[in-house]
Amino acid sequence: MDDGVVRRHEERERGLFECALEQAGYFTAGQARTLGFSPGEIGRALGAGAWERVDRDLFRLSPWPHTDLEDVARRCVQLQGAVVSHQSAAELYGLGHLHPQFLHVTAGAPVHVRTDRVAVHRADLGPADCEHTGAFLITTPLRTVLDLAESGVSQWVLDEVVGDALAIGRLDRPALEAGAAGQSVRVERRVGRALSSWA
């Protein structure tokens, strides 16, 4: 095989591994095609057992270590890079006792993939709004509190989330006050109430 062909193949394989590494081993057919894999190469990788088909356009490198949060990662990849947010982010951070019945995610673009037990919120998040867990993106504690303040959670639930965030050092009062400043009147008022309850 030509050295250039071998080098391009190795570069594609490395790119795919780096992509999968940030997504608990998962990747989409679109991501594979973007890296240069042809339909024939995709078929051969599946036939050889190097890739596992998880869903119609979703794959996983085989074998990849299983984790407790791989289902969250899978859904985020399916939803085109959606970010875990709202109640689900608070739950993962150990803030409050929300016990969400759905996985809450935020997506910047309309999501056309249907998936059960997922609540999709629409917003454009910047790099400062997100953290990477090693398997998926999650809104920062600050963004999570601001999102919850804007959403329909009760004030006492928000108070508990804020209290936990302050108690365990996920947030400090000045950062939360600064983050709430300039948000909607509803967010500023509700965050102010939550902070006053922990004065």
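Applying the selection to region 31-78, what residues are closer than 27 Å to LEU103 by Cβ and among the hydroxyl-bearing types (Ser, Thr, Tyr)?
Answer for region 31-78, where residues must be closer than 27 Å to LEU103 by Cβ and among the hydroxyl-bearing types (Ser, Thr, Tyr): THR34, SER62, THR67.
Being surrounded by 19 or more Cβ atoms within 10 Å (Cβ to Cβ), under 30 Å from CYS19 (Cα atoms) and of a type in the set (Phe, Trp, Tyr) is the requirement here; does PHE102 meet it?
no
Among the residues of region 176-199, what is the count of those that are surrounded by 14 or more Cβ atoms within 10 Å (Cβ to Cβ), under 25 Å from the mean Cα position of the chain (by Cα) and of a type in the set (Gly, Ala, Ser)?
The number of residues fulfilling the criteria is 2.
Restricted to region 146-157, and to residues that are in a helix (DSSP H, G or I) and in contact (Cβ under 8 Å) with a residue 60 or more places away in the chain, which residue is surrounded by the fewest Cβ atoms within 10 Å (Cβ to Cβ)?
The qualifying residue surrounded by the fewest Cβ atoms within 10 Å (Cβ to Cβ) is VAL157.
Within region 22-39, is even one residue within 30 Å of LEU125 (Cα to Cα), outside the structural domain of ALA149 (by TED's automatic domain parsing), small (Gly, Ala, Ser) and touching a residue at least 60 places away in the same chain (Cβ under 8 Å)?
yes
Find all pairs meeting these conditions: Cβ atoms under 6 angstrom apart; at least six residues apart or on different chains; first residue within region 123-134 and in the same structural domain as THR106 (by TED's automatic domain parsing); second residue in a helix (DSSP H, G or I).
ASP129/ARG143
Take region 152-178 and flag every residue that is of a type outside the set (A, V, I, L, M, F, W, C) and either touching a helix residue (DSSP H, G or I) at 6+ places or on another chain (Cβ under 6 Å) or within 17 Å of SER196 (Cβ to Cβ) (or both).
SER154, GLN155, ASP159, GLU160, GLY163, ASP164, ARG170, ASP172, ARG173, PRO174, GLU177
The values are calculated or read from the model by the stated rules, or taken from the named source; none is laboratory data. For clarity, every value in this text was computed on a predicted model and none was experimentally measured. In this analysis, Cβ positions are derived from the backbone assuming ideal geometry, glycine residues included, and neighbour counts consider all displayed protein chains.
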